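> Encoded as structure tokens, here's the structure I'll be asking about.
A short reminder: the numbers here are calculations on the coordinates, not readings from a lab. Not measured: the values here are computed from a predicted model. With ideal geometry, Cβ positions are generated from the backbone for all residues, glycine too; neighbour counts draw on all protein chains shown.
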Amino acid sequence: MSTTTTATGTLSVGVATRETKVKRTDTATHWQLMWWKFRNHKMALLGGSILAIMAILSLFAEFVGPYTPQERTAKYAQGRPMGFHFIDAENSFHLRPFVYARVAKRNKVTLRMETTVDKTEMWPISFFVRADKYKMWGLFESDLHLFGLENNRHFLHLLGTDQLGRDMFSRVLYATRTSLSIGAIGVGLAFLLGITLGGIAGYFGGMVDGVIMRLIEFIRSIPTLPLWLALAAALPREWTALQVYLSITAILALIGWTHLARRVRGKLLALREEEFVLAARLSGCSHARIVTRHMLPSFMSYMIVDLTISFPYIIMAETALSFLGLGMREPIVSWGVLLYSAQNIRSMVLMPWLLIPGLVVIIAVIAFNFLGDGMRDAADPYTK
Amino acid sequence: MEPLIKIRDLDVTFPIGKSGFFGKPTAYLQAVSGISLDIHKRETLGLVGESGSGKTTLGRAILHLEKPTRGKVELRLDDEYVDLEDLNTKELRKIWRHMQMVFQDPYASLNPRMTVREIIAEPLVVNRKGNKNDILEKVEKVAEMCGLQRDQLGRYPHAFSGGQRQRIAIARALALMPQFIVSDEPVSALDVSIQAQILNLFKELQNKLGLTYLFIAHDLATVAHVCDRVAVMYLGQIVELTETEKIFYSPKHPYTEALMSAIPDIDPDRKMNPVLSSGERPNPANPPSGCRFHTRCRYVEPHCKEVQPELSEIVEGHFVACHRAESLTLQGAIE
Amino acid sequence: MNQDTLLEIKNIYISVELDGHSLPIVEDVSLSLKAGEILALVGESGCGKSVTAQSIMQLLPKPLKIESGEIKMNSHKQGKIIDITKMDPRGAEIRKIRGNEIAMIFQEPMSSFSPLHTIGNQLMEVIRIHRKASKPKAKAIAVEMLDKVGIPGAARVVDQYPHELSGGMRQRAMIAKALSCNPTLLIADEPTTALDVTIQAQVLTLMHGLQSEFGMAIIFITHDLGVVAQVADRVAIMYLGNIIEQGTVREILKNPKHPYTVNLIEAVPRLGRLEGRKALVPIQGSVPSLYDRPVGCPFVTRCTRVINNRCEEAMPRLLSMSTDHQVACFLYDSTEGETS
Ligand SMILES: Nc1ncnc2c1ncn2[C@@H]1O[C@H](COP(=O)(O)OP(=O)(O)OP(=O)(O)O)[C@@H](O)[C@H]1O
Ligand SMILES: Nc1ncnc2c1ncn2[C@@H]1O[C@H](COP(=O)(O)OP(=O)(O)O)[C@@H](O)[C@H]1O
Ligand code: SF4
Ligand code: SF4
Ligand SMILES: [Mg+2]
Ligand SMILES: [Mg+2]
């Protein structure tokens, strides 16, 4: 006998013993598996965290922001972002952060008012200060702010101010709230429409399906941008900010639902023929039980992924409309509204900090995409 | 003896190529065309044919999972025939206690979001077969019968291999103690070394519970092994039907001969000699006139292209649909 | 390397990187193939057949990697022996081999055709690259190839798109594409698994004919022992990334030695045993997953003849039983030490 090969496993990493052990995944529910898979996706976690922080901060915009969005600091109009410090000019450390004082002086040559930094005076930042009154979510009054300056003749503009001296930091917070909520409500509405109409089309099929599909094709064949423009331009000028807000959301949702409806329909049609759904029918399940127990859970995860992915589209659409001056208007602030005021070249050159909302939009959209990626992976947790 | 299931002139037609405003179909595909068949109690009837010949559709139509467009299916229950056509949705659900199905793909036929216990229990729960404890007891009994262990029942399907999943699917089909089971290629998605376990399980359950099977398969050796009678389908029609031995030793239909000659035998000394060397499968939406097999038949005569042969009993218990069945001497898979 | 040996795989080791671990997928596989020979690579799904085949072409997907071993080929076109493992998977050297000296066909024929171009154009592209033929010449060769693989009306089919052909036709067209550059080795990865028996028979007959006409060697991957018996000269049986038995078809199928092979042949329904139709003898349990690779012999969890204190400890070596029959099982290995 001759040896053809010498074979003794040298590489035995990850080799298990003979007993089959019960793995934790064996008894894990679908959502658990999805979460375990999702959490391996570092970028998605990062995106999710960024969005969560944005949402929480902006939800409490009145409390977190030191000013209300329309409040003006006339003497610091067009002011640069004020950096806060812990270490002063003499190199001594202060536990409480501070900003340097600003003094307004008339420029002898140009005869314009200019503010300069006065490094000899420090304005310490306090937490939980009592300052301007506001009405939290329009419900109850308060004047407590997360941070601010005790002395109400001093001012604090971390991200600078706009032409009228309004605090950019606070305005970005309020804008984030508007834009994210438009996204959420828009996606929600689109989802409702999409699920209902797509569900009807997919479950009943036949003629109903035909009519709904033709309607969807019709809507999709209209170029979106002109349609938005037309609808938005048709909004009466005298409408209140709230009415405008709601209508814009509705307009965006009206177009967004078609995509979702098609997905819902397609998925339902496919699921109807899935073997486990057939097996459920054979087991004697009623239509209601088949839909709620077998079909809905199966496609909920896909729908959530779809929602996450369509979120940034709605946000960008709102931003674009408002940027063109056709969407939201002051006194409501949204990302688009803020960018609208940064439109001309002069302000871009002289006051680049007015473009910060643009940066926030970009960060949010990227974060949504990361999140969507992770969710897409997690939606099918059974593949390695 | 009276058959358990009587199938008469069954047609299943699918609309295809939708167009127009309301999605009116532009064409129809007859997946099952005028099939009549008796299935006897405690037998295993094999159904073979190439892909797309309508095996799955026939299986589903027998259960009325797919509504036949024409013809009827009758099930013998308490010495009386129930015509499935007459039943409404609720009554059909009751009938399905007696007729069940095992699907081809054990990865798709189990709801990934239910534990094995829930899956097997579902038919019992929705059919209100006793209280919670009775049901759990029944689930464990049927699971054990199918070779599943009690401590596995709390797991989700993804924790199981293909063979074990097929056991779960069989246990679910058996939970209501049906008389008749359609098994649609129950082993073709499984590893070769697992197939025998499942085939044996089918046999064992049949002996124990007196089950009747319609066994769909495309692997002829498997069919030869498990079936008592075999029906050969071609483009939606049954072309030959008889006992397994006769089908394999002395086929009477040219298509059966072609199928038999194409079986690759595991014995290297028995080289196969396929007779069907050319010709493509016709489009099922537009089947050939006359005998549907005439485009590929090597015994074709002008007559065949015009007149469709009927499935007729040429010898006792041997049904063939070929004009030349009586005159041809065909070769079987085994001499 | 022997003169008439075409391909020699020596102790190849392939692993996958998963969650920071490196798991073995193909362990210490050695194979050799003579010119003009048909070798069947048999095993259940997931045992590493495709991965082994892909490694020959340096086509391993991303997380997979050849850890060690060598794949040597006696290149007739280059007139020398080349080592494929030394080549850069994206380099020019391997591209000279792929499609030229070694061609590959897959289970799903759609995957090797682009839906956007006609069959003819896709064939001509290959022909023009490898044979440096002019356009009309290439088209003539394409028609000739399609004709050779038994496609009726080849002159019409060259101008059709892949989706217009039926499964069997597409499979043939793919074979035609693979053959159009006259490879010395054809790797066919489950080329008939998705086909009906009648069409499978046609494809098998076709491959046999082409092998004798062109004299090329074929590695035929399948899990169907019937197909093996019908097409192959030699067989290698794989289980969990290892070759556990190999030899001539007749030897392996008629005189199997390894418990897995023996049981597998027992477990497959076959026509010759129609009478009586007794219960099949199944193999217990199921194929362990890659993550639960048992220690020792890969078959130890299902084997009925386990030798205590041996089979669970080490991997049995592949030993020669006769001139062309090797088995890796301790039942046939009386020695404890290195070589006998
Ligand atoms: N829902 C459907 N709509 C339209 N055509 C269908 C539908 N279901 C099946 N068909 C067609 O009916 C014919 C028979 O299909 P069926 O699934 O019964 O074949 P089969 O014999 O089970 O094939 P396989 O061996 O591939 O499972 C095929 O031509 C198929 O394309
Ligand atoms: N791209 C990949 N990533 C991770 N694992 C893989 C990959 N490709 C194959 N594998 C694993 O390698 C093993 C062998 O696969 P393969 O060679 O495709 O099996 P088969 O014998 O069925 O052809 C399987 O366990 C498979 O899961
Ligand atoms: S009827 Fe004619 S064409 Fe049809 S199978 Fe018989 S001999 Fe062939
Ligand atoms: S080495 Fe041992 S476990 Fe492996 S096949 Fe041989 S006897 Fe069975
Ligand atoms: Mg089928
Ligand atoms: Mg493979």
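> So what's the back-of-envelope 222 nm ellipticity for chain A, counting only DSSP H runs of four-plus at -39500 (n - 2.57) apiece and dividing by all residues, rounded to 500?
Estimated from H runs of four or more residues: -17500 deg cm²/dmol.
> So what does log10 I(q)/I(0) come out to for the stretch C:102-182 at q = 0.21 Å⁻¹, using the Debye formula with one equal point on every Cα and no solvent?
At q = 0.21 Å⁻¹ the computed log10 ratios are -0.87.
> For B:Val315 paired with A:Glu330, estimate the spin-label separation in nm (one decimal), with each label point 7 Å from Cα along the Cα-to-Cβ line.
With each label placed 7 Å out from Cα toward Cβ, I get 9.9 nm.
> Computed over the Cα atoms of the stretch A:118-182, what is the ratio Rg over Rh, Rh following Kirkwood?
In the stretch A:118-182, Rg relative to Rh is 1.01.
> Another question about this same structure. Just the Cα atoms of the stretch B:250-335: what Rg and Dmax do they give in Å?
13.9, 42
> Give, as ranges by residue number, the residues of the stretch A:239-260 whose backbone N falls under 12 Å from the point 7 Å along Cα→Cβ of A:Ile219.
A:250-260
> Which angle between 0 and 90 degrees, to the nearest 10, do you get for helix A:296-323 versus the longest principal axis of chain A when only C-alpha atoms count?
Helix A:296-323 sits at roughly 30 degrees to that axis.
> For the stretch A:140-191, which trypsin sites (Lys or Arg not before Pro) are in a loop by DSSP, counting at most 14 other Cβ atoms within 10 Å?
A:Arg153
> Could you give the length gained by full extension between C:Lys80 and C:Ser114, i.e. 0.36 nm per residue of separation minus their alpha carbon distance, to one decimal place?
Computed gain between C:Lys80 and C:Ser114 is 8.8 nm.
> How much length is gained if the chain between A:Val349 and A:Glu150 is pulled fully straight, taking 0.36 nm per residue apart and subtracting their Cα-Cα distance, in nm to one decimal?
68.3 nm
> Here is a follow-up. In square nanometres, what is one fourth of the surface area of the convex hull spanned by the alpha carbons of the protein assembly as shown?
56.6
> Taking a spot 7 Å from the Cα of A:Leu59 along the direction of its beta carbon, which residues of the stretch A:136-158 have an amide N less than 14 Å from it?
Inside the label zone: A:137.
> Simple spin-label model, 7 Å along Cα-to-Cβ: A:Phe127 to C:Tyr332 in nm?
Reported label-point gap for A:Phe127 and C:Tyr332 is 7.6 nm.
> Treating only the Cβ atoms of Lys and Arg (+1) and Asp and Glu (-1) as charged, compute the dipole magnitude of the stretch C:102-182 about its Cα centre; round to the nearest 20 debye.
340
> Can you pull the semi-axes for chain A, root of five times each eigenvalue of the Cα gyration tensor, sorted largest first, whole Å?
After diagonalising the Cα gyration tensor, the semi-axes are 50, 33, 19 Å.
> Could you give the alpha-carbon Rg of the stretch A:74-162 over 2.2 N^0.38 Å, rounded to two decimals?
1.27
> A 28 angstrom limit on the alpha carbon distance is what I want to check against. Which of B:Lys90/B:Lys138; B:Lys67/B:Lys203; B:Lys41/B:Lys252; A:Lys75/A:Lys133; B:Lys55/B:Lys132 exceed it?
Where the Cα-Cα span goes over 28 Å, the pairs concerned are B:Lys67/B:Lys203; B:Lys55/B:Lys132.
> I've got another one for you. Give the peptides A:85-98, B:163-176 in descending order of average Cβ contacts within 10 Å, highest first.
Taking the mean over residues of other Cβ atoms within 10 Å, the ranking is B:163-176, A:85-98.
> Can you grab the distance from the C-alpha centre of the stretch A:164-222 to the C-alpha centre of the stretch B:181-196, Å, no decimals?
Going from one Cα centre to the other spans 46 Å.
> Tell me which aspartates and glutamates have Cα within less than 18 Å of C:Lys80's Cα, excluding those fewer than 8 residues away on the same chain?
Cross-link targets: C:Asp4, C:Glu8, C:Glu70, C:Glu93, C:Glu101.
> What FRET efficiency, computed as 1/(1 + (r/R0)^6) with R0 = 22 Å and r the Cβ-Cβ distance, is obtained for B:Arg128 and A:Arg272, rounded to the nearest 0.05?
Between B:Arg128 and A:Arg272 the formula returns 0.30.
> Starting from the Kirkwood Rh over alpha-carbon pairs, what translational D in µm² s⁻¹ does chain B have by Stokes-Einstein at 25 °C and 0.890 mPa s?
The calculation lands on 115 µm²/s.
> Give the share of C-alpha pairs in each 5 angstrom bin for the stretch A:268-326, from 0 to the last occupied bin, in whole percents, shortest bins first.
Answer for the stretch A:268-326: a P(r) of 4, 16, 18, 14, 9, 9, 8, 8, 7, 5, 3, 1 percent.
> Ranking request for peptides C:82-90, A:123-131: highest mean number of other beta-carbon atoms within 10 Å first, then the rest in descending order.
Result, highest mean Cβ count within 10 Å first: A:123-131, C:82-90.
> Okay, next question. What does a probe at A:Glu90 reach in the stretch A:108-150, counting residues whose amide N is under 14 Å from the point 7 Å along Cα→Cβ?
Of the residues in the stretch A:108-150, A:119-122 have backbone N under 14 Å from the label point off A:Glu90.
> Averaged over B:105-115, how many beta carbons belonging to a partner chain fall within 10 Å of each residue's beta carbon?
Mean shielding by partner chains, rounded to a whole number: 6.
> Express in whole angstrom the spacing between the alpha-carbon centres of the stretch C:1-62 and the stretch C:205-229.
Each part's Cα centre sits 18 Å from the other's.
> Separate question: With springs only between Cα atoms under 10 Å, which of B:Lys90, B:Lys72, B:Lys208 fluctuates most in a Gaussian network model of chain B?
For chain B, modelled as a Gaussian network with Cα springs under 10 Å, the answer is B:Lys90.
> Here's another thing I want to ask about it. P(r) for the stretch A:175-279: what percent of alpha-carbon pairs falls in each 10 Å bin, starting at zero?
For the stretch A:175-279, the pair-distance distribution reads 15, 36, 29, 14, 5, 1.
> Something else now. Run lengths n ≥ 4 of DSSP H only: what is the helix-derived mean residue ellipticity at 222 nm for chain B, with -39500 (n - 2.57) per run over all residues, to the nearest 500?
One gets -8000 deg cm²/dmol as the mean residue ellipticity at 222 nm.
> Additional query: For the stretch C:256-332, with only Lys/Arg (+1) and Asp/Glu (-1) charged at the beta-carbon, what is the dipole magnitude about the Cα centre, in debye rounded to 20?
Rounded to the nearest 20 debye, it is 220 debye.
> Per-residue Cβ counts within 10 Å, from other chains only, averaged over B:220-232: what number is that?
3
> Quick check: Cα centre of the stretch B:109-142 to Cα centre of the stretch C:300-324, how many Å?
Using only Cα atoms to place each centre, the spacing works out to 43 Å.
> Something else now. Which residue, C:Cys329, C:Leu319, C:Leu280, has the largest displacement toward the positive end of the dipole of the stretch C:256-332 when charges sit on each Cβ (Lys, Arg +1; Asp, Glu -1)?
C:Leu280
> Here's a follow-up. Given the pairs C:Lys10/C:Lys62; C:Lys96/C:Lys135; B:Lys246/B:Lys271; C:Lys96/C:Lys177; C:Lys49/C:Lys177, which are separated by over 26 angstrom at their Cα positions?
none
> Give the residue from A:Thr308, B:Ile238, C:Gly168 lying farthest towards the positive end of the charge dipole for the protein assembly as shown; charges sit on Cβ (+1 for Lys and Arg, -1 for Asp and Glu) and the dipole is referred to the Cα centre.
Of the options given, the answer is A:Thr308.
> List the aspartates and glutamates whose Cα sits under 15 Å from the Cα of C:Lys139, skipping any in the same chain fewer than 8 residues away.
Within the straight-line cut-off, C:Lys139 pairs with C:Glu125, C:Asp147, C:Asp159.
> Between B:Tyr28 and C:Ser212, what is the FRET efficiency for a Förster distance of 51 Å, r being their Cβ-Cβ separation, to the nearest 0.05?
So, using R0 = 51 Å, E works out to roughly 0.65.
> In nm, to one decimal, how far is the A:Ala184 label point from the A:Thr196 one, both placed 7 Å along Cα→Cβ?
In this crude spin-label approximation the distance works out to 2.2 nm.
> Quote the FRET efficiency, to the nearest 0.05, computed for B:Thr329 versus C:Asn255 with a Förster distance R0 of 51 Å and r equal to the Cβ-Cβ distance.
Efficiency computed from Cβ-Cβ geometry: 0.90.
> Please identify, among A:Ala241, A:Ala190, A:Ala280, the residue showing maximal mean-square fluctuation in a Gaussian network model of chain A using a 10 angstrom Cα cutoff.
Among A:Ala241, A:Ala190, A:Ala280, the largest mean-square fluctuation in the Gaussian network model of chain A belongs to A:Ala280.
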